[in-house]
1. Quick check on segment 335-353: of everything there that is loosely packed, with under 13 Cβ neighbours inside 10 Å and part of a loop (DSSP other than H, G, I, E, B), which residue is modelled with the lowest pLDDT?
2. Within the bounds of segment 396-417, is there any residue that is more than 32 Å from the chain's Cα centre (by Cα), outside any loop (DSSP other than H, G, I, E, B) and farther than 25 Å from Asp327 by Cβ?
3. Hey, can you tell me all the residues within segment 563-580 that are part of a strand (DSSP E or B) and either at pLDDT 95 or above or more than 38 Å from the chain's Cα centre (by Cα) (or both)?
4. For the list (1) more than 23 Å from Ser614 (Cα to Cα); (2) hydrophobic (A, V, I, L, M, F, W, C); (3) assigned to a loop (DSSP other than H, G, I, E, B), I need the number of the one condition that Phe599 fails.
5. Of a type in the set (D, E, K, R) and either under 30 Å from the mean Cα position of the chain (by Cα) or outside any strand (DSSP E or B) (or both): which single residue out of Asp482, Asp532 fits that description?
6. Of all residues in segment 85-112, which are over 30 Å from Ala157 (Cα atoms) and part of a strand (DSSP E or B)?
7. Can you tell me which condition Ile453 does not meet? The list is (1) touching an Asp or Glu at 6+ places or on another chain (Cβ under 8 Å); (2) surrounded by 17 or more Cβ atoms within 10 Å (Cβ to Cβ); (3) farther than 19 Å from Ser549 by Cβ; (4) not basic (Lys, Arg), and all the others hold.
8. Looking at Met146, Met121, Met115, which is the one that is within 32 Å of the chain's Cα centre (by Cα) and either under 24 Å from Tyr175 (Cβ atoms) or outside any strand (DSSP E or B) (or both)?
Amino acid sequence: MPVKKTDGDWSSVTPAMNDRDNPARILYANKDNPYTYWRLFGNAFIDVQPIKNLHIKSDFGLDYGNYYQRVLTHSYTGRLGVDQPVSSKMQQSHWTKWAWTNTATYNLSIKKNRMDFLVGMEMDKQLDVSFAAEKQTYDEEDPDYMFPSVGTGEAFATGSATGYTLLSFFGKINYVYDDRYLASVTFRRDGSSRFGKDNRYANFPAFSAGWRISHENFMDAVSDIVSDLKLRVAWGQTGNQEIDNLANRTILVSNYVGDAGAGVNTGTAYDIEGKDGGLLPSGYQLQQRANDDLKWETTTQTNVGLDFGFLNQSLYGTFEYYFKQTDDILIRPPYLGAIGEGGDQWVNGASMQNQGLELSLGYRGKTASGFSFDISGNISGYRNKITKLPESVISAYGGNGTTDIILGRAINTFYGYRADGLFRSQEEVDMYADQPGKSVGRIRYEDNGDGVINEDDRVWLGNPHPDFEFGLNINLEWYGFDLTIFFQGMYGNLVYNNTKATTDFWAVSESKMNHGTRLLDAFDPETNPTSDIPSISFTNENSEGRVSSYYIEPGSYMKLRMVQLGYSLPLSIIKKADIKKVRFYVSGQNLLTIKSKKFTGLDPENPNLSYPLSTSLTFGVNLSF
C-alpha cells in the first residue's frame, strides 16, 4: 500500500484486505490537533505548638487540572475507499482533588522511655467533569474557520461528571525503650462514598514490634563485627476501595447514538411511529445492577524480618518473610447469559493468599586510592493461590467449574488443551481420536482416553508466576567519575505468547494481513516434514486459536535496565563561577535482554505486544548553584 495515490490523495487498503487506516495520514492529520493542559497543585499548612512537645497541624492540599482540545477531521478517502465526513470536535475536561488533613502529635520522654502519640483525621474529595461538542460538514477546511458553530451537518454533544469522597480517622502510638525495644500500634477508620451506606466505614488495626539485638550488653564482645542486628515482627490490615465511583449504584444509560460501525445509529431510540427520520425518542439500557452489600476489600498481612549489618555496615542486608491474606476482593465477574442485559455487578467475591521470602544483601567500601563502591542485590519469591470464589463464576476463572477448578491454584493459571505435536502423516490422522478438523500438518491435542477431543480434554498448563525475581545494583566512584549499573530479571514463569497467532498460523480465508517470518518454516510433508509450525491452510478448521500449550512459553529473562556514566568537574575549577557542582552524564536504558531460546517472541516481559521495550540513550548535564 503506497502512502499516497497518483492523484495526491491518501492511499487506503482495497476492499479485498482487512480494515486498515493509513498511519502516515493519521500522523499528518493530527498536526492541527494540539491540546492545552494546565495543572495547579500544592498545599498550605499551619503548625502550632500550644505546649511543649505538642504540635497541632492543619494541612490543605489542592490538585486542579484542565484539559482542552479541538480535533479536526479533514476530508479524505478512508478505509475500504469510503469518503469520511469533515468534522470538528471541541472537548474539555477538568478535575479538582483536595485533601484536608488535621493531626496532633505529642512526644514524651521519661528516662529510657520514649513515646510518640498521633491522632488525626483526613477528608479527600475528587470531582471530574468532561464535555464535548462536535459538528460535521464545513464549507471551508480551514483550522481558523472550523468551529462547531459554523458547521452545517450533524451535531453531537456529550457530557459527564463523577467523583468520590473519603473520610478517615486514625491514631498511632510509638514506644521505644533504651533504643533496644520498639513497638507501634496503629488504628484507622476509613469511609468511602463508593460503598453502600451500611458498609461505608471499616476499621483497620496494625501493630509492630522490634528488638535491636546489637544494642544488648551481651553483644559488646562482637561489636567490631556485628554493627547492626534487629529482629522485627508486624501484623496489620489495610483496605482497598479502588473501584468505580458508581460501583454500588444501578446505572441506566440512554445510549442514543448506538453502534454506527454496524450501520445502526439509533442506540436505544426506536422509531415507533414509522417516520424513519427526525429526532427519535430514546429509551434506556440497563448497564449495571446495584449492590447495597458492597464493602471494603481487606488485606491482612504478617511480616517477620531481620535487618543486619557487619564490619561497620560494610556488609548489610535484610531477610523477610511475609504472609498476606486478601478477603472480600472487589471484582466484577462475568455473568450468565440468561440474566440478560445489564448483568454486570460489583461484588466482594474472592479471597487470595500470598506468602513469600525476600533477601537483600549489599557490600560497600572505599580504598586508599579513592575508589568507592556499593554493590547490592536482592532476590525474592512468592507463592499465590485463590482460596474463595463465588460458585456462579468459578468456571470463568479457569477449570471446568465442577471437578477441576481454580481454587487452591495461583491466580491466572493457564487452562486449556495440551498440544502433542503435529500430524505428520495420513496414517497418524486416521488412527488418532475423533478431533474435528484434524489433518496432516495440523496440531494434535492430547486425548484423555475417551477417544474424542472436546472440552473434557482441557488440563492445567502452567503457572504465570515466577519462581523468583532478582535485581543487582552496582555503584562505583573514582576521582569525579561515577558509574551505575542495574540488572533485573525473573525466573521460572510461563507466558502466553499470543503473537504466535500471526507468526505461526495463516488461515488465508480469515486473515488478510501481514504475518511473521516464522511462517516461512511452516510444515510441509515434502519440503519441510520436520517443522513444528503448522502448515499454511485456507481455513482454520482445527480451531488452533483455542487456548493450548502451543502458545505457552518460558518467560524467564534478565535485563540490563540501566547504565549511567557520569563525570563531575573538580570544585577547584568551578568555584570561581559560584557553581557548587557540574556533572556530565550519559545514560542508557534497556540495553540488553537475555531470554530463553524457547521463547519465540520479542520480549518475554511483554509477550503479546508487537514491539519490545525501546532502548534509549540520554545525554545531560546537572548544575547545582
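1. Restricting to residues being loosely packed, with under 13 Cβ neighbours inside 10 Å and part of a loop (DSSP other than H, G, I, E, B), the top hit is Leu336.
2. No, segment 396-417 has no match at all.
3. Listed by number, the residues that qualify are Val563, Gln564, Leu565, Gly566, Tyr567.
4. Every listed condition holds for Phe599 apart from (1).
5. Numbers: Asp482 fails: either under 30 Å from the mean Cα position of the chain (by Cα) or outside any strand (DSSP E or B) (or both).
The unique qualifying residue is Asp532.
6. Answer for segment 85-112, where residues must be over 30 Å from Ala157 (Cα atoms) and part of a strand (DSSP E or B): Ala99, Trp100, Thr101, Asn102, Thr103, Ala104, Thr105, Tyr106, Asn107, Leu108, Ser109, Ile110.
7. Failing condition for Ile453: (3).
8. Just one listed residue meets the conditions, Met121.
The values are calculated or read from the model by the stated rules, or taken from the named source; none is laboratory data. As the structure is a prediction and not an experimental result, all values here were calculated from the model. Glycine also receives a Cβ, built like all others from the backbone with ideal geometry; neighbour counts cover every protein chain displayed.
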